[in-house]
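The values are calculated or read from the model by the stated rules, or taken from the named source; none is laboratory data. These numbers come from a predicted model, not from an experiment. A quick note on method: Cβ atoms are made from the backbone with ideal geometry, for glycine too, and the neighbour counts reach across all protein chains shown.
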Amino acid sequence: MMKRGIIWLIAVGLAASALAAGKKSIMLPPDNAMATLKDGPGVKVARANCVACHSTDYIVRQPPSSLEQWTAEVNKMRKVFGAPVNDADAKVIAAYLESAYGEPGKVAPAKRPSK
Ligand code: HEC
């Protein structure tokens with residue numbers, strides 16, 4: 001008799017915790033600025049091509065750079081590290097990087113709606 005009672009209690013307990021678990025929701029903190037690429041035209045192409053090998057902080061942490069510097073960086077990823085990025089995407093990505101992480105004070109086309 002005692003044994004049955006305990007098993008029943010365990011069963012009820014499990015059911016209750018399963019119900020409670022079903023109601024739980026998890027709130028994640030928002031991404032920090034290092035963990036995401038700023039919005040802007042071309043950001044999707046950059047996300048698709050530039051986070052396979054390393055996280056976005058490699059990009060976000062760079063000093064603000066010109067289009068030429070970003071183009072060189074993208075080409076380095078392709079030539080030195082073998083990033084499979086085609087010419088058209090490389091241009092879009094470099095332009096995006098300049099607009100999102102370009103030299104301060106430079107008028108960048110960052111206000112255009114993102115694709
Ligand atoms: C095939 C893998 C790969 C892909 C894809 C890739 N990278 Fe990299 N990236 C690397 C490696 C490897 C390093 C150097 C890591 C280290 O030094 O610890 C690096 C480093 C960097 C750095 C830090 C500065 C430097 O030159 O070391 C930046 C900025 C960067 N990548 C940007 C990009 C961008 C922008 C793209 C998208 C076009 C991209 N990466 C795609 C492999 C890749």
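Test D89 against the stated conditions and say whether it is near the ligand (Cβ under 10 Å from one of its atoms), modelled with pLDDT under 95 and acidic (D, E). It is false that D89 is near the ligand (Cβ under 10 Å from one of its atoms), modelled with pLDDT under 95 and acidic (D, E).
The single condition among (1) surrounded by 15 or more Cβ atoms within 10 Å (Cβ to Cβ); (2) of a type in the set (A, V, I, L, M, F, W, C); (3) part of a helix (DSSP H, G or I) that I7 does not satisfy is (1).
A quick yes/no check of all residues on (1) closer than 17 Å to N86 by Cβ; (2) surrounded by 12 or more Cβ atoms within 10 Å (Cβ to Cβ):
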position: S25; (1), (2): no, no
position: L37; (1), (2): no, yes
position: G40; (1), (2): no, yes
position: A46; (1), (2): yes, yes
position: A52; (1), (2): yes, no
position: V60; (1), (2): no, yes
position: E68; (1), (2): no, no
position: E73; (1), (2): yes, yes
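Output the residue which, of all residues in the range 44-82 that are more than 24 Å from N32 (Cα to Cα) and of a type in the set (D, E, K, R), is farthest from the ligand (Cβ to nearest atom). Out of the qualifying residues, it is E68.
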